[in-house]
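A short write-up of the structure that comes next.
The values are calculated or read from the model by the stated rules, or taken from the named source; none is laboratory data. A quick note: this is a predicted structure, and the numbers were derived from the prediction, not measured. Please note: Cβ atoms are built from the backbone with ideal geometry, for glycine as well, and neighbour counts cover all protein chains shown.
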Amino acid sequence: MVADMDQPNSPGPWNECVLARTGASGGLEFVGTTRRAAALLANKWPSDGPAFRTAVQTCNDVLRSWLPTYLARISFEEAVREASLSP
């Protein structure tokens, strides 16, 4: 489950984007925010392995301001690799 996306204190953009294959056509997308990563993870992510579960939890914690933003980027990047969505 993804944290409430309407929080007023939304974390800022990442210092580096993560390139991932997204959508039905497998097009490439530069993911640059925790909010976008959380939305992608919540929408038909092709894997439910340990990196996916960690990324969901980490994104939720960042959106709640419990963890620094860079941890969401790192965990999302690992989930992308686990799901073979890296270009």
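In table form, for the structure just shown:
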item	result
Single residue of segment 1-12 satisfying the filter (exposed (fewer than 15 other Cβ atoms within 10 Å of the Cβ) and touching a helix residue (DSSP H, G or I) at 6+ places or on another chain (Cβ under 8 Å)) that is modelled with the highest pLDDT	12
Residue that is touching a Leu at 6+ places or on another chain (Cβ under 6 Å) and of a type outside the set (A, V, I, L, M), where the choices are 61, 48	61
